[in-house]
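Take a look at the structure set out below.
The values are calculated or read from the model by the stated rules, or taken from the named source; none is laboratory data. No experiment lies behind these values; they were computed from the predicted model shown. When we count neighbours, we look across all protein chains shown, and the Cβ atoms used for this are built from the backbone with ideal geometry, even at glycine. Surface accessibility is based on the protein's heavy atoms, side chains included, excluding ligands, DNA and RNA. Shrake-Rupley method; radii C 1.70, N 1.55, O 1.52, S 1.80 Å.
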Amino acid sequence: MPDFAFILAGFAVGLIVGLTGVGGGSLMTPILIFFFGIKPYLAVGTDLLFAAFTKLGGTVSLARQRLVPWRVVALLCAGSIPAALAALWALRHLGPDSAAAQRLMTSTLGVALLLTAAATFYKVLVFSPERAAAEAARRSAQFAHASAPRHWSLPVLLGAVIGLLVTFTSVGAGAIGVSVLLLVFPHLPLPRIIAADIAYAVPLTLVAGLGHASLGSVDWPLLAQLLMGSLPGIWLGSRLVSRTPERLIRSILSLLLAWAGAKLVLI
C-alpha cells in the first residue's frame with residue numbers, strides 16, 4: 001500500500017475528530033485492521049502513540065486556557081495507569097502476536113466500538129449546542145464543588161475500566177469517557193469535562209503505547225505517516241466545525257462504529 005494512503009487515512013481521521021470530537025482510536029484502529037490489513041496488535045500499539053501525540057497538543061492548549069480540572073485528571077489516572085500496566089503484563093505473558101492475545105484484543109475491540117457507537121448516538125439524541133451552552137452556564141454557577149465526584153471511588157473505577165479498554169483496544173477514552181464523566185461529575189461544566197477527558201488520556205495512552213512498543217507492537221514508520229496526515233486534518237476540522245451538520249455526521253459515525261464492532265465480535 002502506498003505511503004500516501006496512510007497519510008490520507010490520518011488526515012481523514014483527524015478531520016473527523018476535529019469536526020465531531022469522536023476519539024481517534026475508535027476510528028483509526030478499525031481502519032488499519034479492515035482497510036489496510038494491519039494485524040490487530042500492531043494497529044492497537046501504533047494507534048495508542050498516535051493518540052498520545054495528538055492529544056498532547058490539545059492538552060497544552062486547554063491548560064493554557066485553564067480549563068483542565070487537574071483533580072479530576074488525577075483521580076482518573078489513579079485508576080487507569082495501574083490498569084494499563086496490568087493489561088500490559090497480561091499481553092506480555094500471552095505474547096502480543098499469539099492467537100489468544102489476538103482473540104482477546106479483537107473481541108474487546110468489538111465491544112469497545114459498540115459502546116462507543118452507543119455513546120456517540122446518545123450524544124446525537126440528548127445534546128444540542130443550545131442545551132450544552134445552557135447546561136454549562138448552570139454548572140458554572142455551582143463550580144465551587146464541581147470537581148467533586150458523587151463518590152471518590154467512581155472516577156478511579158472508571159479510570160481502571162477505561163485503562164483496560166484502551167490498553168487492549170486503543171478505544172475508550174473518547175466518547176465513552178465523556179459520557180460517563182457527565183454522570184460522575186454532574187456539576188462540572190462541559191468544557192472542563194472534555195478537557196479532563198483529553199488530559200488524562202495523554203499519560204494513559206503514552207504509558208500503554210510505550211508498553212506496546214516494548215513488546216514490539218508499534219510500527220514507527222506507519223505512526224509517522226499517520227501523524228503527517230492527522231495534524232493538518234485536526235486543524236481543518238476545527239475550522240469547519242461550525243459549518244457542518246454535526247448530528248448527521250455523528251449519526252453516520254455511530255452506525256459505522258456499530259458495524260465494525262459487530263464484525264469484530266463475530267470474528
Item to check | Scope segment 69-99; condition farther than 26 Å from I193 by Cα, without any contact (Cβ under 8 Å) to a residue 40 or more places away in the chain and open to solvent by 40 Å² or more (accessible area, probe 1.4 Å); matching residues | outcome: W89, H93, L94, A99
Next on the checklist: Going residue by residue through segment 54-68, is there one that turns out to be buried (at least 24 other Cβ atoms within 10 Å of the Cβ) and either in contact with a Cys (Cβ under 6 Å, 6 or more places away or on another chain) or assigned to a helix (DSSP H, G or I) (or both)?
Outcome noted: yes
Checklist outcome for this item: Selection over segment 153-201 where residues are free of Cβ contacts under 8 Å to residues at least 60 places away in the same chain, under 22 Å from S254 (Cα atoms) and open to solvent by 30 Å² or more (accessible area, probe 1.4 Å) yields a count of 3
Checklist entry - If G23 satisfies every condition in (1) open to solvent by 10 Å² or more (accessible area, probe 1.4 Å); (2) under 16 Å from T167 (Cβ atoms); (3) at pLDDT 80 or above; (4) not basic (K, R) but one, which is the exception? => result (3)
Checklist entry - Just wondering, is there one or more residues in segment 139-147 that are modelled with pLDDT of 80 or more, open to solvent by less than 20 Å² (accessible area, probe 1.4 Å) and under 27 Å from V60 (Cβ atoms)? => result no
Checklist entry - Are there any pairs with C-beta distances below 9 angstrom linking a residue in segment 205-224 that is of a type in the set (D, E, K, R) to a residue that is open to solvent by 10 Å² or more (accessible area, probe 1.4 Å) and at pLDDT below 95, with the two at least 6 apart or on different chains, and if so which? => result D219/I38; D219/L42
